[in-house]
Amino acid sequence: MVQSPTRDSARPPAPRTAPAPTIAVSGLALSRGGRRLFEGLDVTLAPGDALTVLGANGAGKTSLLRALAGLLRPDAGAIVATGPSGPEHLPEICHCVAHHDALRNGLTVTENLAFLAGLLGAAGGLSIADALRMLGVARLAGLPAGVLSAGQRRRASLARLLVAPRPVWLLDEPTTALDSDAQATLVELIGVHRAQGGIVVVATHAGLALPAARRLALGRAGAAA
């Protein structure tokens, strides 16, 4: 098992989250700025699945994640989430961690995560201290976010996944500014999340070594494999 980069005490237990619903994307078409990014996209994700979305700049990786999060209206097609009890509203059960880390510079790391936990709900989540320890940035808890390096900000931003558990993770270039140890920790956390029935969709240029992950290449003909 890969250990956290700065494991300073016994590792806390993983956060508890409900299994994800099945997500069915059918006939999806997206455009930005009057340019069609892709169309006819079909993919189904079941609990425990991971999807790596690859493609050059402008291929539509970020737009796809925004559509899944309910932040971008598709030109055509449908995104349907179905749980054991019926349809679910996908935007309410997903984390979308994008390029902008949503950290307020004037607040400490702890204050930022406390705000996000209050906004998103923290049932079943780790304490802020435990989440930061798992990401290797416990010593930064009392510092203003504005003084953190790019890598430290990314780790602090990813801590929200543990503080406010949600079954679907939408991660846009999550390894940006992370060193190799932090990337390994992220892969481990994704593995734990999937083992609990969570779904992870990762948009990336470089790829991320996720076991048994499916791949979707945007910008050329092809479907998820």
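The values are calculated or read from the model by the stated rules, or taken from the named source; none is laboratory data. All of these numbers come straight from a predicted model, not from anything done at the bench. Reconstructed Cβ throughout: ideal geometry from the backbone, glycine too, with neighbour counts over all protein chains shown.
Key figures for this structure:
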{"item": "Odd one out for Ala67 among (1) buried (at least 17 other Cβ atoms within 10 Å of the Cβ); (2) assigned to a loop (DSSP other than H, G, I, E, B); (3) not hydroxyl-bearing (Ser, Thr, Tyr)", "result": "(2)"}
{"item": "Qualifying positions in region 176-206 - surrounded by fewer than 21 Cβ atoms within 10 Å (Cβ to Cβ) and either touching a Phe, Trp or Tyr at 6+ places or on another chain (Cβ under 8 Å) or among the β-branched types (Val, Ile, Thr) (or both)", "result": "Thr176, Val187, Val192, Thr204"}
{"item": "Any hit, region 113-128, residues being surrounded by fewer than 14 Cβ atoms within 10 Å (Cβ to Cβ) and touching a helix residue (DSSP H, G or I) at 6+ places or on another chain (Cβ under 8 Å)", "result": "no"}
{"item": "Selection status of Arg153, of a type in the set (Lys, Arg), in a helix (DSSP H, G or I) and under 25 Å from Ala69 (Cα atoms)", "result": "yes"}
{"item": "Per-region count, region 130-147, residues touching a Ser or Thr at 6+ places or on another chain (Cβ under 9 Å), loosely packed, with under 15 Cβ neighbours inside 10 Å and part of a helix (DSSP H, G or I)", "result": "1"}
{"item": "Test result for Val97, in contact with a strand residue (DSSP E or B) (Cβ under 7 Å, 6 or more places away or on another chain) and in contact (Cβ under 8 Å) with a residue 60 or more places away in the chain", "result": "yes"}
{"item": "Criterion violated by Ala102 - all others in (1) surrounded by fewer than 19 Cβ atoms within 10 Å (Cβ to Cβ); (2) part of a loop (DSSP other than H, G, I, E, B); (3) more than 18 Å from the chain's Cα centre (by Cα) satisfied", "result": "(3)"}
{"item": "The lone exception for Val109 - which of (1) of a type in the set (Val, Ile, Thr); (2) in contact (Cβ under 8 Å) with a residue 40 or more places away in the chain; (3) surrounded by fewer than 20 Cβ atoms within 10 Å (Cβ to Cβ); (4) over 27 Å from Ala24 (Cα atoms) it fails", "result": "(3)"}
{"item": "Residues within region 26-77 that are within 23 Å of Glu88 (Cβ to Cβ) and acidic (Asp, Glu), tallied", "result": "2"}
{"item": "First in region 151-169 and under 9 Å from Val137 (Cβ atoms), second anywhere and among the β-branched types (Val, Ile, Thr) and not in a strand (DSSP E or B), Cβ under 6 Å, 6 or more apart", "result": "Gln152/Val137; Arg155/Val137; Ala156/Val109; Ala156/Val137"}
{"item": "Matching residues, region 163-205, being hydroxyl-bearing (Ser, Thr, Tyr) and either closer than 22 Å to Ala129 by Cβ or part of a loop (DSSP other than H, G, I, E, B) (or both)", "result": "Thr175, Thr176, Thr185, Thr204"}
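Let's see how each residue does on (1) under 17 Å from the mean Cα position of the chain (by Cα); (2) surrounded by fewer than 17 Cβ atoms within 10 Å (Cβ to Cβ); (3) modelled with pLDDT under 95:
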{"site": "Ala24", "(1), (2), (3)": "no, yes, no"}
{"site": "Gly33", "(1), (2), (3)": "no, yes, yes"}
{"site": "Leu41", "(1), (2), (3)": "no, no, no"}
{"site": "Leu51", "(1), (2), (3)": "yes, no, no"}
{"site": "Leu54", "(1), (2), (3)": "yes, no, yes"}
{"site": "Pro74", "(1), (2), (3)": "no, no, no"}
{"site": "Pro84", "(1), (2), (3)": "no, yes, yes"}
